[in-house]
Amino acid sequence: MSQRIKFYQTGTLTAGNRLLDPETRAVQSSVDRSNALTSGHRACQGCGEALGARWVLDAAMRATGGQLVVVNATGCLEVFTTPYPESSWQVPWLHSLFANAASVATGVAAAMRSKGSAVRVVAQGGDGGTMDIGFGALSGMFERNDDVLYVCYDNEAYMNTGVQRSSATPPLARTATTPALGPEPGNEFGHGKNAPLIAMAHGIPYVATASVADLHDLEDKVEAAMKVHGARYLHVHVPCPLGWGSASDDTIKVARLAVQCGLFPLFEAEHGEVVRRTPIRQRQPVEAYLRLQRRFDHLFAGGRVDVERIARLQAIADRNIERFRLLTGD
Amino acid sequence: MDKPFAITLDLGSSRANHTGSWRSRRPEYVDRLPPCNHACPAGEDVQRWLYHAEEGDYRAAWQALVEDNPFPAVMGRACYHPCETSCNRAKIDEPVSIHAVERFLGDLAIREKWPLSAPLPPTGKRVLVIGSGPSGLSAAYHLARMGHAVTVREAMPLAGGMMRYGIPRYRLPRDVLDAEVARIFDLGVHFEPGVRVDDVATSVAEGGFAACFAAIGAHLANRVEIPARDAARIFDAVDLLQRVEQGEAPRLGRRVAIYGGGDTAFDAARTVKRLGAEEACIVYRRTQAAMPAHAFEVAEAAEEGVTMRWLRTIKRFDEDRIVVERMELDEAGRLKATGEVETIEADALVLALGQNVDLSVLEKVDGVRVVDRVIEVDDRMMTGHPGLFAGGDMVPSERSIAIAVGHGKAAARHLDAYVRGEKAKAPPPREVATFETLNPWYYTEADRTSQPAADPVRRRATFDEVNGGLTADDALFEARRCLSCGNCFECDNCYGVCPDNAVIKLGPGKRFRIDLDFCKGCGLCVAECPCGAIRMVPEDG
C-alpha cells in the first residue's frame, strides 16, 4: 500500500509535476534555471541541439552553483548562438577553433587550478568537432585525465555546412556526401565509430550517453558527471530536423524512438565499465524510427519497404539491446 | 571609450533578435472538453474535481463536484458511469474508477458533515417542484442556490423517488440517501411529502409560484396478458421494489420467475433472493447479449445464485409452473418462435417489462403535448405551457439517475432565466479532448483499483451494501490515474521542451504563456504536452 501511494500521475516522465516534491522535478521545470542558452538564437525550428545544450548547461550550472566556464568547438552550436557581437550564452563562454575545444578546456582547467579557483569546466561540440576534427585533442584530454566534462551533441552529420556525413552518421542515412544512389544508397554499413565506447577505452572516471528524449535521465547524468573530477564524457543524441528531414515538432519523438528501438542505448560507465543502463520502456521497431526521417526515404521509395536493409539496421539495434541489456536494465 | 583588448563592439544579447518573426503557426493554450465530462449526463466537471482529489484536497474536490450534482455518494453507487466508458485511460490500461472516487468523496462529506455553500440572496420568486426523485431534487437544489424559494411536493411519504423506491438498499444504503437529501432541504427547500398534485395549473396559481418543474418519473409498469390461474401471484417489479422499501414482505413462495432483462428485472431478482426465495430465475425473450441490464448487474446477480433463461417467452402461468416457448434467431438475426414449449417451476412471477409515465397529471394542462407516452419539452426543458418545465423519466430521453439529475440542473438554469425574463446563455462549445490529442508516453503505468465486494453467499440473505468504498490511499491513487485530458495540469513539459526558451512559466496555478517575440512555431510544446492542452493555430495573414 505504501508503495502504491507513490504514484504521481506522470511520475518523473514529465519535466515537472505539481504532485512531486520540488527536489524530484527537473532543473528545466524551475523558473530559476539559468537559461544558459537563451532566446533569440538562430537555430532552426525544433532544434534538438539547442534544446540539449540548454538542458546540459542548466544542469551543470545548478550542480556547480554557477561556477562554470564553457568552451565551445566550432559548429552549428557556435554559429547559431554567437554571431559577433551578439551572444545567446548566459554563461562564461569561450570559442577558439574547430579542432581544439578539448585542449582549450584543458588550458582553462589548468588556469583555474593554478588560481586556486573552484570554477569547473565544460567543453562542448557537435559530432564533427568531437569525433572527427577534434578527436586527437579529445583523446589527449582523456588520457591526461584533465578535469573537464566534454559534451558531444550528436546530430549525426555536419549540419552547419550543409549536411555532410561524419563518423557519427548511421548506415543508410542520406547526406550531401552519401546520396541515396547506387548499390549502397546512403551511408555505408561498416563505416563510422562509437565515440562513447572509445572514451570508455581511455578508462576515464565517467562516460555516459543521454538523449533529448529523456530529460530527467540527462540531468541526472550531468549531475553525476559534475560530482567527480578528472576527464568525463557525455554523448547526447540530438535530432536535427533540417539534416534528418524530420518535422520540427517531432524532434523529441524521433529521439525517443531512437532510444526505444535500441539504436541509441542510454548507459553510464565508470572507469571503462558499464555500470547502469536506462531500460527501454516501450520497445519499438527501427522502422518506426526511420519512417519519420526523410534521410531514410529511399528505404520506403515508391511504396516499397526495403526490408533487407532495414533488417540490417534492426540487427544493430538488437545487438545494442543485448549488449547493454536494455530490456531489463540490470 | 575604454574597451578590453581586441574588443571593438559592445557585447549584445541574442534577445535583440526576435525570432518570433520566423513563425507561420503559433501554439495556443486551450481547455478542451474531457471525454468524461462530455459523457456525464449530470453535467459534472469530472476532470476538475479529480484535479483537486489528486492533490488530496478532498474538500475542494467535493465542492467542485456538488457545483453540478448534489448527490456524489448516491451517484458513486447508483450511476452507470458513462464517464468511465468514454475515459481515455481505457486505451492505456483501464478507465479511471471515477465512480469509486466520487463515492469516496460523497461518503467523506457525509462523515465530515461538510455543508453545501450558502444560496445567493433571495430573489423573491417562488418555484414549485413536483416530485422528489433525482430530477426534482437536483432542480430544487440548483434553484435554491440561485436564491429562489423552492417548494417540493411528493406523493410518497419520503423523498428520493426511484433512488428510494426503485434502487434496492444493497446498492444504495438509505442512510447515505437520507444524508444527501437532507443537505438539500437544509438549504431552505420546503418539502411537502404525501401530497399528490393532481391539478398543476391550480397548484401553481394558488401557491403564487412563478414557475414549476415537474419530474414525476415513470412508475406505471408495462403489463402483458399472461393467462394465469391465480393473478394474485403475478407482481410488477416496480411495485414489488416499492413495497419492499416500505417494509412489506410480499408472499412470493420458494421459486420466483422474473420476466424481463433490464436492470429492474435484476434488481427484482436479487431482492427476491434476499426475501428468502430459494430460486430466482430471469426469463428473457431475447439473447443474453441483447439484455439491456448492465454487465455488472448480471455478474453480481449470477454470483448471488440468480439463474437466467434466455430466448424464452412466457405463455401461461399454471399452478406451480410457468409454461415458456423457446425462441430462436433466424438467419437475419430476427427473433422467431419455435413452437417448442417447456416449463419452469415457479410459485410467483414478477414482471419487469419497462415502465410508463402517469400522464394524467400533465396532459390536461394547456399547451402540454404528449408524444409517444412522454411529455414533449423544448431545448430549455419547457413544456408547451409557458413556465411549466419537465424532466427525468417523464420526458423523451433515456432513463437513468444521472440523466435525471442533468435534466434537473438544465431545467433549473432555464427556469431561473425564465422567471427573470431572460434567456439562459449556453456555455461556448468546447472541442473534445480525444485520445489522439494526448501524448500517452508520459503517463506511468497504473492498474485500476477495485472496490471490495461482500461475499456472495452472505449477500443473498441480507440487504447490506454489496460493494465497499475505497480507502483514502486507494482513492488518491485512483484520482491520480486521471490523464487530465485537454486541461493543463502544470507538468512543465512545454516550459522544459522549448528549444527557444519561449515558454514563460507563470507560477503555481497560473499555468504558462508563450513568448511570441521568440517562439519560432516549431510545435514541440504541442507534441510533448501529455494532455493535449495546447494546439497550433495558423498566424494571421
- Query: What share of the DSSP beta bridges in chain B is antiparallel, in percent to the nearest 5?
  - Reply: 45
- Can you give the % of DSSP beta bridges in chain A that are antiparallel, to the nearest 5? 25
- Query: Along segment A:98-110, what does the Karplus equation 6.51 cos²θ - 1.76 cosθ + 1.60 (θ = phi - 60°) give for ³J(HN,Hα), rounded to whole Hz, x for Gly and Pro?
  - Reply: 5, 8, 10, 4, 5, 5, 4, 4, 4, x, 4, 4, 5
- Extent along principal axes [Cα atoms of segment A:189-318; Å; largest to smallest]: 53, 31, 26
- Could you pull the Rg and Dmax for segment A:16-83, using just the Cα atoms, both in Å? 13.4, 42
- Taking amide hydrogens as modeled 1.01 Å from N in the peptide plane, which residues meet the under 5 Å criterion relative to A:Y206, leaving out close sequence neighbours? A:Y233, A:H271
- Message: As a test of the definition: with a 1.4 Å probe, what buried accessible area, both sides summed, do you compute for B against A, in Å² to the nearest 100?
- Response: 4800
- Message: Just to be sure I understand: if I project the alpha-carbon convex hull of segment B:181-327 onto a plane and average over all orientations, what area do I get in nm²?
- Response: 12.2
- Query: Per the Cauchy relation, a quarter of the hull surface: what is the mean projected area of the convex hull of the alpha carbons in segment B:111-241, in nm²?
  - Reply: 10.1
- Message: Taking each residue in A:77-88, count the Cβ atoms of any other chain within 10 Å of its Cβ, then average. What number comes out?
- Response: 3
- Task: Once you've got the Cα coordinates, tell me which of B:K91/B:K520; B:K113/B:K510; A:K115/A:K227; A:K193/A:K227; A:K221/B:K510; B:K91/B:K409 are over 26 Å apart.
- Result: B:K91/B:K520; B:K113/B:K510; A:K193/A:K227; A:K221/B:K510; B:K91/B:K409
- Message: Within 10 Å of each candidate Cβ there may be at most 11 other Cβ atoms; applying that plus a DSSP loop requirement, which trypsin sites (Lys or Arg not before Pro) in segment B:312-350 survive?
- Response: B:R334
- Message: I need to check one value: relative contact order of segment A:18-323, counting alpha carbon pairs closer than 8 Å and at least 6 residues apart, in percent.
- Response: 16
- Hey, can you grab everything whose amide H is under 5 Å from the amide H of B:R316? Only 5+ residues off in sequence or another chain; H modelled, so Pro and N-termini drop out. B:V323
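Over all distinct alpha-carbon pairs, what is the Kirkwood Rh of segment B:148-200 in angstrom?
Hydrodynamic radius (Kirkwood, Cα pairs) of segment B:148-200 is 12.0 Å.
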- Item | Those residues of segment A:246-274 for which accessible area with every protein chain present is at least 20 Å² below the isolated value (1.4 Å probe) | A:S248, A:D249, A:I252, A:R256
- Report the residue, chosen from A:Y158, A:Y233, A:Y84, that carries the largest GNM mean-square fluctuation when chain A is represented by alpha-carbon nodes joined by springs under 10 Å. A:Y84
- Task: Restricting to the protein assembly as shown, compute how many DSSP beta bridges are antiparallel as a %, nearest 5.
- Result: 35
- Kindly state, as a whole number, the per residue volume in cubic angstrom of the convex hull around the alpha carbon atoms of segment B:263-392. 177
- Message: Against the empirical 2.2 N^0.38 Å scaling, what ratio does the C-alpha Rg of segment A:155-213 come to?
- Response: 1.34
- Note on the structure: Counting only protein heavy atoms with a 1.4 Å probe and every protein chain in place, the carbon and sulfur fraction of the accessible surface of segment B:249-388 in whole percent equals 45
- Query: So who's got an amide H within less than 5 Å of the one on B:A214, skipping anything under 5 residues away but keeping other chains? H placed 1.01 Å off N, in plane.
  - Reply: B:I130, B:F389, B:A390, B:G391
- Enclosed volume per residue, in Å³, of the convex hull spanned by Cα atoms of segment B:203-251: 137
- Item | Convex hull of chain B built on C-alpha atoms - directionally averaged projected area, nm² | 35.3
- Item | 24 Å Cα-Cα reach of B:K336 towards lysines, excluding residues that sit fewer than 8 places from it in its own chain | B:K315
- Query: How are the C-alpha pair distances of segment B:392-528 spread across 10 Å bins, as whole percents from the shortest bin up?
  - Reply: 9, 18, 24, 24, 19, 6, 1, 0
- Query: Averaged over A:22-31, how many beta carbons belonging to a partner chain fall within 10 Å of each residue's beta carbon?
  - Reply: 3
- Got a sec to turn the phi values of segment B:41-47 into Karplus ³J(HN,Hα) couplings, 6.51 cos²θ - 1.76 cosθ + 1.60 with θ = phi - 60°, whole Hz, x for Gly and Pro? x, 8, x, 6, 9, 4, 4
- Task: Enter the Cα centre distance for the pair segment A:143-176 and segment B:20-40, rounded to the nearest angstrom.
- Result: 37
- Mean accessible surface per residue for chain B, computed with a 1.4 Å probe while every protein chain stays in place, in Å²: 43
- Task: Would you mind giving the mean number of other chain beta-carbons within 10 Å of the Cβ of each residue in B:522-530, as a whole number?
- Result: 6
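Kirkwood Rh over Cα pairs of the protein assembly as shown into Stokes-Einstein at 20 °C, 1.002 mPa s: D in µm²/s?
After rounding, the answer is 67 µm²/s.
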- Query: Per residue Cα convex hull volume for segment A:18-323, in cubic angstrom?
  - Reply: 133
- Message: If you split all Cα-Cα distances of segment B:403-474 into 5 Å bins from zero, what percentages do you get per bin, shortest first?
- Response: 3, 10, 9, 9, 9, 11, 13, 13, 12, 8, 3, 0
- Query: With chain A treated as a Gaussian network of Cα nodes joined by springs under 10 Å, which of A:G129, A:G182, A:G107 yields the largest mean-square fluctuation?
  - Reply: A:G182
- Item | Radius of gyration, Dmax [segment B:6-86; alpha carbons; angstrom] | 23.7, 80
- Considering every Cα-Cα pair within segment B:377-441, what fraction, in whole percent, is farther apart than 16 Å? 56
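The values are calculated or read from the model by the stated rules, or taken from the named source; none is laboratory data. Since the model is a prediction, treat every value here as computed from it, not as a measurement. Backbone-built Cβ (ideal geometry, glycine too); neighbour counts: all protein chains shown. Just the protein is used for accessible areas: all its heavy atoms, side chains included, with ligands, DNA and RNA removed. Shrake-Rupley method; radii C 1.70, N 1.55, O 1.52, S 1.80 Å.
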